[in-house]
Structure formats: structure tokens, C-alpha cells
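The values are calculated or read from the model by the stated rules, or taken from the named source; none is laboratory data. Predicted, not measured: the structure shown is a model, and the values here were computed from it. Positions of Cβ are generated from backbone atoms using ideal geometry, with glycine treated the same way; all protein chains shown enter the neighbour counts. Side chains are part of the model used for accessible areas, which takes the heavy atoms of the whole protein and leaves out ligands, DNA and RNA. Shrake-Rupley method; radii C 1.70, N 1.55, O 1.52, S 1.80 Å.
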Amino acid sequence: MSINGSVCPSGTAPSMSGVSGALLTSLIGSLLSGACDIGNPDDYPLDTNTQMSEFDFVIVGAGAAGSVLATRLTESTCANFTVALLEAGGNPPPDSDVPGLSHTLQMTDADWQYKTEPQTNAFQGLEGNRCLWPRGKALGGSTVLNAMIYVRGHKNDYDNWVAKGNPDWDYASVLPYFKRSEDIKVAGLQNSMYHASGGPLPVSNFEEWPPIFQAMLQSAVQTGSRLTDVNGAQQAGFNKAQVTASHSVRFNAAKAFLKGAKARENIHVFKHAQATKVIFEGARAVGVEFVKNGQVRTLRARQEVILSAGAINSPQLLMLSGVGPVDHLNDLNISVVHNLPGVGRNLQDHSRFMGATFSVPKENNSVDPVFQYFQSRSGRLSTTGALSLTGFISTIFKSRNYPDVQMHFEGPFSDARNVDVGSKIYGLTQESKETLFRPLLKENRDVYIMEPILLRPKSRGWIQLQSSNPTVAPKIFANFFEHEEDVETLARGAMWSLAMSQAKPLIAQGARLNTAKLPGCSQFPFLSFTYWKCAVRHTAATTYHPAGTCKMGPAEDALAVVDAELRVHGVKGLRVVDASIMPDIVSGNTMAPVYMIAEKAVDLILNSNTKN
């Protein structure tokens with residue numbers, strides 16, 4: 001039999017490399033039943049064996065931006081440009097296709113496994129006062145291990161980019177680029193002016209929607225919110241999350257874009273190829289040095305080099321190549337190509353923390369979730385759990401039309417293994433984990449965490465090299481909560497989550513507030529504003545949305561790295577196209593905006609390059 005009409009071509013089998021034991025068993029059953037929408041190597045291009053060493057474009061990074069760029073620039077309408085796409089990782093592990101396993105990919109080979117530098121005013125309840133900083137290392141980049149939530153941000157975000165000297169990045173100008181990628185599958189939105197059908201990227205709701213999720217949605221409305229399309233006319237409100245999945249299978253960037261381009265003769269994908277330096281001749285970028293199979297190689301670019309390595313790796317690569325703050329480069333004996341002080345600065349992220357935590361009687365389901373998923377694409381593994389719901393709130397009156405907090409929901413955590421995974425995601429200390437969760441598990445209850453997310457942080461961090469060796473991870477200074485206002489906004493979000501947890505629909509589901517006090521905050525009245533401010537500094541962590549480290553802005557902006565056409569200031573033949581170019585981080589998950597940035601970049605690139 002086949003599942004959802006997905007039948008393996010003759011001779012095709014799901015890859016078994018890197019699969020967990022339970023999943024391997026089910027993959028074998030999936031193969032025997034003829035289903036091939038999980039772990040199918042045909043979803044991805046082959047590792048090139050080309051002897052070519054010169055291309056029109058050399059793109060570093062096959063994440064959301066790189067996959068779009070490589071696909072669009074090799075379309076037949078693009079003057080038959082040749083493209084080399086370098087990716088430090090390989091094919092995504094088969095587990096990544098299963099929504100319910102998304103968090104288990106952190107700290108694996110599909111993750112760069114970064115950590116922030118220690119902070120004293122943040123991460124106080126995390127191991128070593130450091131925050132795990134996952135970044136995807138595979139075809140598809142971080143779209144391989146994220147929660148697939150498709151949020152575009154608020155229209156004011158983009159209008160503000162224009163106000164900072166970046167013409168044609170206003171909401172009206174970027175909306176067509178969001179729609180270019182999209183294939184909307186959400187009921188009732190197919191005819192919306194804000195959405196489009198027919199693009200390579202499916203956007204849907206998860207089909208699994210248990211009663212507890214509906215109660216959470218109803219409770220949000222009773223707490224003063226409303227139902228809305230968060231990607232439509234009004235962001236403020238709640239609804240089922242829009243996700244980049246189809247029939248409960250993840251669609252990462254490589255599957256959505258590169259799969260359709262893999263047969264083209266003018267695209268060459270270099271897997272397990274880590275870029276180490278942009279090669280300059282004078283002030284012009286002419287190629288990229290990289291390491292593959294232990295050998296140092298170079299590729300030359302006739303037209304442009306494009307960095308799409310993300311908000312950590314793109315500034316790292318610029319600095320390794322001699323473009324960055326001159327004093328920092330001199331300290332590491334890196335030859336300076338151009339002094340650009342803003343490289344690595346302006347780091348922003350959406351911090352989240354553990355707001356109200358509640359539990360409900362454990363769901364009575366004797367069916368094995370692995371079997372249930374592979375049999376019918378249903379059950380707990382068919383979703384990202386309570387992340388299937390999202391919403392945006394204003395915690396102060398002046399922001400009522402421009403929400404300052406997003407709400408995520410984690411869970412259910414139903415056994416010790418779930419708690420261990422959840423604690424690993426946060427990096428919680430053993431003491432915090434034992435205090436907050438163990439008593440609830442003994443009561444045979446499912447645990448849910450309400451997570452307020454800071455949408456527009458005032459605080460800024462930075463990226464630095466710790467070595468001129470490109471294999472050494474850069475230093476990440478998150479610098480969360482330098483501004484007290486950031487702490488207070490999250491604390492107000494926690495007060496809102498507390499009210500939501502006590503709404504009638506959740507109470508009807510048997511919801512009970514977790515009354516365990518967070519270690520380190522017991523000196524404050526429980527659930528008071530001062531308690532929540534303490535909790536923010538203890539449990540806040542990344543929402544996996546680093547941005548801003550190659551800031552877009554005019555030349556007179558001292559921290560600008562690229563101009564409004566994403567060309568690196570002070571050099572030629574080099575662009576940056578990824579989340580690092582955001583002057584200010586958008587109000588919501590960053591995946592959809594990165595797709596948009598890349599779609600717009602394609603037009604910018606084509607308008608300034610011609611094929612002779």
C-alpha cells in the first residue's frame with residue numbers, strides 16, 4: 001500500500017543513515033508498504049562530481065536562502081547561468097521529515113552545535129550560564145530542524161526598514177516575494193490577497209488537533225485575543241500555526257526548491273564542503289576557498305559570490321576573508337581587505353522563556369506513536385505538539401496594533417524522556433529540571449509550557465572570531481537583557497500566559513497550574529511581576545532566530561554591511577542573502593522572511609548581471 005499517494009519509484013529506498021532505532025524499524029515497514037515520503041534520497045540533488053572550477057555564481061550555504069537562489073538562478077529564464085552551491089553538511093537525516101522529532105536533531109551532526117558565551121544577567125538557570133544555539137548543518141539548513149512555523153512578521157517591520165534608508169523593502173514591495181514561494185493549503189485562505197497557490201513551498205496546518213489544543217485556542221480568545229490569519233491583514237491574534245509541511249511531513253528548503261532543480265545541468269551542489277574564505281583580487285570577490293574530503297579547493301565566480309550561510313556563519317566567513325572590524329582582524333593576523341566595523345555586530349534574537357506551566361490528565365492512547373505515524377500520518381509524531389498553535393499579543397496599550405510578544409506553546413511532556421529532551425532544548429540545570437517537572441510526572445499528567453517570546457528586543461549582541469582557523473566556532477555574545485525593558489516585556493507576557501492558563505476551556509480539560517517555584521527565584525512572591533522578571537533571567541533562551549549581523553543600510557550607517565541591494569559595502573562582486581541582513585529583526589519566526597529575502601535578491605541579482 002502507499003501513504004498519501006506517495007509510492008517509491010522502482011529501485012528507490014529511504015536512506016537508513018543516521019536513523020534512530022525506533023524510527024529505523026518503522027522505516028523498514030514504510031519501505032515494505034511502498035511509502036517513500038520519509039527519508040527519500042531522491043528528494044535531494046546528488047553530490048556533484050564536476051571537474052568545473054569556474055561558475056557564474058558561487059553560493060555558500062544551502063539553507064532557506066541558498067536553496068531559493070540556486071534554484072531561481074538556474075531556471076531557463078535566467079540566461080543559463082551556472083551555479084555552484086556549497087553546503088557544509090549533507091542530506092538531512094530521515095528523522096527530520098517527522099514533525100514530532102524536530103527537537104531531537106539538536107546536538108547531532110545536522111546541527112552546528114553552537115553555544116553562546118556565558119552571561120551573568122541571563123541564562124542563570126541554564127548549564128554554565130550559556131545558551132545552546134542550534135543551526136542547521138545540512139541541505140535545507142535550519143529548515144531541517146526548526147518547528148516549520150511560517151510567520152512573515154508585521155507589515156510595520158518592513159516599512160521601518162525603509163525608514164532606515166533601505167528603499168523598496170516596504171511591506172507592499174516584499175509581499176509579492178512572499179507569495180512567489182507559497183503554495184497555501186490552509187482552508188479558507190486560498191483566495192486571500194495575502195496568499196498564493198502554486199509555489200514550491202507548501203504552507204498548511206497540521207491535521208492532528210486534539211481537544212487540549214482547541215481548549216488552548218479557545219482560552220486565548222477568552223483572555224482577550226481573537227482568531228486571525230497571522231500572515232494576513234492583522235497579525236494580532238491566535239490560530240493554528242501555518243507550517244511548511246504537507247500531509248504531516250516536513251518540507252525543508254532543499255526538498256521544496258532544490259528537488260525540482262536537481263536534474264539541471266547548470267546547477268552543481270557540493271555537499272560536505274565547508275567554505276573557509278572568500279577569495280579577493282584587489283577589492284573584488286572572485287571565488288571561494290573550501291574544504292571537502294580533507295582537501296582544500298577553490299571555485300571561481302565570474303559574476304558574484306553570494307553568502308547565504310546564516311547570521312552566524314556569514315559574518316564569520318566575511319571576517320575570515322578580511323572584511324570586518326580592522327582591529328579585530330589585526331588581532332588575529334588576518335589580512336584586511338576592507339575595514340567594515342558592522343560585520344558581526346547588531347546580533348538580535350527572539351528570546352523566549354518558561355511562562356505559566358500547567359498540566360492536564362494524560363491522554364489515554366495505547367497506540368504506539370511511531371506505528372500510528374507511519375500507518376496513517378497521525379498521532380503525536382505528526383505534529384510539533386503544542387507548537388501547532390501560535391499567536392501575537394500586545395502587553396501594553398501603545399502596542400495594541402503592533403504586538404510586542406508572540407506566544408509559543410511546548411508540550412506535551414508526558415514522561416521522563418520527554419522532559420529530558422525538553423530540558424536539553426533549554427539547557428536547564430539539573431536542579432531546575434528536577435524541581436519544575438519531576439513532581440508532575442509522578443502524577444501521570446501531561447505538562448505544557450507557555451512561552452512568551454520577545455518580538456523586538458532592544459538589546460544587541462555580536463559575533464567574534466576566536467581564531468583565524470575556519471574550523472573553530474566563532475564566539476557568540478547574545479547579550480540578552482542589556483536593556484531592562486526587554487525583561488519587563490517578557491514578564492508582562494508571562495502575566496498574560498498565567499491568565500490564559502486559568503481560562504474556562506483549559507480548566508474544563510483538567511488544567512492545573514504548576515506551583516513549583518523556580519530555583520533562584522523563590523525569594524519573590526510566586527507568580528508576581530518581580531518573580532517573572534527573575535524567571536526571565538533564569539530560563540530565557542534562544543528561539544533559534546539569530547539575525548542582523550550583516551546589517552542592511554546606507555553607507556553612512558556605521559554598522560551597515562550591505563546596501564539595499566544586498567551588496568557588501570566597499571567591495572565588488574559579493575552579496576549577503578540571509579537573515580543576517582535584517583536591520584531590525586522581524587516580529588515573528590524568521591524562516592518565511594528569509595525565503596522572501598532570497599526571492600527578492602534573485603531579481604536584484606538578475607537586474608545587475610547579464611550573460612555575455
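Our estimate of slack between ARG400 and GLN234, defined as 0.36 nm per intervening residue step minus the Cα-Cα distance, is 58.7 nm.
In terms of accessible area, using a 1.4 Å probe and ignoring ligands and nucleic acids, SER468, SER76 rank largest first as SER76, SER468.
How far is the Cα center of segment 243-316 from the Cα center of segment 96-140, in Å? Here the answer is 22 Å between Cα centres. Using R0 = 45 Å, the C-beta based FRET efficiency linking LEU227 and ALA555 works out to 0.50.
Computed extension length for VAL296-GLU207: 27.3 nm, one decimal, from 0.36 nm per residue of separation with the Cα-Cα distance subtracted.
For segment 131-185, lysine pairs with C-alpha atoms less than 28 angstrom apart, excluding pairs fewer than eight positions apart on the same chain, total 5. Remark: spin-label model distance GLU443-ARG284 equals 7.0 nm, labels positioned 7 Å along the Cα→Cβ axis. The candidates THR108, THR549, arranged from most to least accessible area with a 1.4 Å probe in the full protein assembly, appear as THR108, THR549. Legend: calculated FRET efficiency, GLN113 to ALA516, from the Cβ-Cβ distance at R0 = 35 Å, rounded to 0.05, equals 0.70. Relative to a virtual label point 7 Å from the Cα of LYS362 in the Cα→beta-carbon direction, which members of segment 427-452 show backbone nitrogen distances below 12 Å? The answer is 440-447, whose backbone nitrogens lie closer than 12 Å to the label point.
Annotation: lysines with alpha-carbon distance below 25 angstrom to LYS517 (same-chain offsets under eight excluded): LYS362, LYS424, LYS433, LYS442, LYS504, LYS533. For ARG300, the solvent-accessible surface computed with a 1.4 Å probe is close to 100 Å², ligands and nucleic acids excluded. Accessible area per residue for the chain is 36 Å², calculated with a 1.4 Å probe on protein heavy atoms, without ligands, DNA or RNA. Only one item in [x] 34.8; [y] 24.5; [z] 27.8 matches Kirkwood radius over Cα pairs in Å derived from the coordinates shown, and that item is [y]. Of all beta bridges that DSSP places with both ends in the chain, some 70 percent have antiparallel geometry. By accessible area, using a 1.4 Å probe on protein heavy atoms only, the chain has 50% of its surface on carbon and sulfur.
Taking Cβ atoms as reference points and 9 Å as the exclusive limit, the residues near GLY66 contribute a net charge of -2, counting Lys and Arg as +1 and Asp and Glu as -1. Counting only protein chain heavy atoms and rolling a 1.4 Å probe, the accessible areas of LYS115, LYS271 rank, largest first, as LYS115, LYS271. Measuring between alpha carbons in the structure, the pairs from LYS271/LYS292; LYS115/LYS240; LYS255/LYS277 lying more than 20 angstrom apart are LYS115/LYS240; LYS255/LYS277.
Within segment 195-273, the GluC sites (Glu not before Pro) that combine a DSSP coil assignment with at most 11 other C-beta atoms in a 10 angstrom radius are GLU265. Full extension of the segment from THR50 to ALA499, taken as 0.36 nm per residue of separation minus the current Cα-Cα distance, would add 155.6 nm. The aspartates and glutamates within cross-link reach of LYS458, meaning a Cα-to-Cα straight distance under 13 Å and a gap of 8 or more places when in the same chain, are ASP349, ASP404, GLU482, GLU484, GLU485, ASP486, GLU488, ASP584.
The heavy atoms of ILE393 present about 10 square angstrom of accessible area, all protein chains included, probe 1.4 Å.
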